[in-house]
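Asks: Pasting a structure here, questions to come.
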Number of protein chains: 2
Amino acid sequence: MPPFTAGELNVMRLLWEHGELKPGELQTRFPEQIKNSALRSYLTILLEKGHVSRRKAGKAYFYKAVTRRESAFRTTLREFVNAYCGGSNQALLLNLISSEKLSERELVALKRLADESEATPSTQPRKRK
Amino acid sequence: MPPFTAGELNVMRLLWEHGELKPGELQTRFPEQIKNSALRSYLTILLEKGHVSRRKAGKAYFYKAVTRRESAFRTTLREFVNAYCGGSNQALLLNLISSEKLSERELVALKRLADESEATPSTQPRKRK
DNA sequence: TTACAAGTGCAGTAAATTCTGCACATACAC
DNA sequence: GTGTATGTGCAGAATTTACTGCACTTGTAA
């Protein structure tokens, strides 16, 4: 299913964050300046692919994500890991542990945090204190 | 720079793994069935973009990667983390720790492993015993 | 009821990606 | 030399992505 192109992803991210939006709202929140019709062409593609749905309210359509962020995250992670980590999530984990330069203590703290927030999707990251 | 399209990535992965290959060798190793000329069109694009170089030997060209796997890995990881983890590597780390369901002990062992193989790029993943 | 902002459908363009076909060249075996 | 397998250089075509422009509609407010 996913991944999304750059433009599609920008739209999806806004929809994941805000729930339902109409084109104008998407346009003003878009990370770069974009014309309304350009943005709507993204929506049309996403609609055709089934990644978003829309509902008419007044004169406007409200768009919302069909594909869940968590699901896109998983799919994209899988592809990334296949491409760069021999398909092994642990290989990626290993690399992140190295590159983040965490002490053993920090790592254990992080693990406890992970256990606590089991239900919280990674896609709503929180800052460490 | 990167990321690569699906076709480009398939070529790059083969070049990263095997060093230097000519079109026919790439073709037979390609994950899907692909025509020689289709494959060469990928090579042409990669050549134009500067991601690969080639050298003539006999009648054939041998292609090799210019863009390093590690560098593509970094770039792609960054984009992924920006898109799905609020730009925080630790958020991704947190998620992987959860989803891999490692015990604290395993995690610490993994960390030691990470420390040892500091020099080893993540892109050459190794199996855990 | 008139004006206007914000919406809609739709047609069309440009570039990139993906893929095809074909004529021709070159190394090598016989 | 003559095949033959394997290469090369094109010159496209189909599809997708990334846009643009424009005429038209609709809700709201003066």
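Asks: Kindly provide the set of residues from region A:12-22 that are within 13 Å of DNA strand C (Cβ to nearest atom) and in contact with a helix residue (DSSP H, G or I) (Cβ under 9 Å, 6 or more places away or on another chain), ordered by number.
Replies: If the condition is that a residue be within 13 Å of DNA strand C (Cβ to nearest atom) and in contact with a helix residue (DSSP H, G or I) (Cβ under 9 Å, 6 or more places away or on another chain), then A:21 is the only one that fits.
Asks: Pairs needed: first member in region B:7-19, at positive phi; second member anywhere, surrounded by fewer than 18 Cβ atoms within 10 Å (Cβ to Cβ); C-beta distance under 8 Å; at least 6 residues apart or different chains.
Replies: These pairs meet every condition: B:19/B:64.
Asks: From (1) assigned to a helix (DSSP H, G or I); (2) of a type in the set (Gly, Ala, Ser); (3) within 16 Å of DNA strand C (Cβ to nearest atom), pick out the condition that doesn't hold for residue A:98.
Replies: (3)
Asks: Of everything in region B:23-40, what is surrounded by 12 or more Cβ atoms within 10 Å (Cβ to Cβ), within 12 Å of DNA strand C (Cβ to nearest atom) and closer than 12 Å to residue B:7 by Cβ? Give them in sequence order.
Replies: B:30, B:34, B:38, B:39, B:40
Asks: Determine whether region B:43-57 contains at least one residue that is out of contact with any strand residue (DSSP E or B) (no Cβ under 7 Å at 6 or more places or on another chain), within 14 Å of chain A (Cβ to nearest Cβ) and either surrounded by fewer than 17 Cβ atoms within 10 Å (Cβ to Cβ) or in contact (Cβ under 8 Å) with a residue 60 or more places away in the chain (or both).
Replies: no
Asks: Out of all the residues in region A:76-105, which are loosely packed, with under 15 Cβ neighbours inside 10 Å and at pLDDT 90 or above?
Replies: A:78, A:82, A:87
Asks: One residue is enough: does region A:4-16 have a residue meeting the conditions within 15 Å of DNA strand D (Cβ to nearest atom), within 20 Å of residue B:81 (Cβ to Cβ) and of a type in the set (Phe, Trp, Tyr)?
Replies: Within region A:4-16, the subset within 15 Å of DNA strand D (Cβ to nearest atom) is A:4-14.
Retained after the next criterion (residues that are within 20 Å of residue B:81 (Cβ to Cβ)): A:4-14.
Still in the list and also of a type in the set (Phe, Trp, Tyr): A:4.
Yes: region A:4-16 contains one or more residues that are within 15 Å of DNA strand D (Cβ to nearest atom), within 20 Å of residue B:81 (Cβ to Cβ) and of a type in the set (Phe, Trp, Tyr).
Asks: Right, next: Would you check if there is a residue in region A:58-67 being within 14 Å of chain B (Cβ to nearest Cβ), surrounded by 16 or more Cβ atoms within 10 Å (Cβ to Cβ) and away from DNA strand D (no atom under 11 Å from the Cβ)? Even if it seems obvious, please write down each step before you answer.
Replies: Restricting attention to region A:58-67, the residues satisfying the condition of being within 14 Å of chain B (Cβ to nearest Cβ) are A:65, A:67.
Next, from what is left, pick out any that are surrounded by 16 or more Cβ atoms within 10 Å (Cβ to Cβ): A:65, A:67.
From the residues that got through so far, the ones that are away from DNA strand D (no atom under 11 Å from the Cβ) too are A:65, A:67.
Within region A:58-67, one or more residues are within 14 Å of chain B (Cβ to nearest Cβ), surrounded by 16 or more Cβ atoms within 10 Å (Cβ to Cβ) and away from DNA strand D (no atom under 11 Å from the Cβ).
Asks: Among the helices (runs of 4 or more DSSP H) contained in region A:1-92, which hold 1 or more residues that are under 14 Å from the mean Cα position of the chain (by Cα) and charged (D, E, K, R)?
Replies: Here the list reads A:6-18, A:69-84.
Asks: Take the conditions farther than 26 Å from residue A:93 by Cα and modelled with pLDDT under 95 and apply them to residue B:57. Does it pass?
Replies: yes
Asks: Does region A:25-41 include one or more residues that are within 14 Å of chain B (Cβ to nearest Cβ), more than 9 Å from DNA strand D (Cβ to nearest atom) and among the charged types (D, E, K, R)?
Replies: No; the residues of region A:25-41 include none that is within 14 Å of chain B (Cβ to nearest Cβ), more than 9 Å from DNA strand D (Cβ to nearest atom) and among the charged types (D, E, K, R).
The values are calculated or read from the model by the stated rules, or taken from the named source; none is laboratory data. Owing to the predicted nature of the structure, the values given are computational and were not obtained by experimental measurement. Here Cβ is always computed from backbone atoms with ideal geometry, including for glycine, and neighbour counts include all displayed protein chains.
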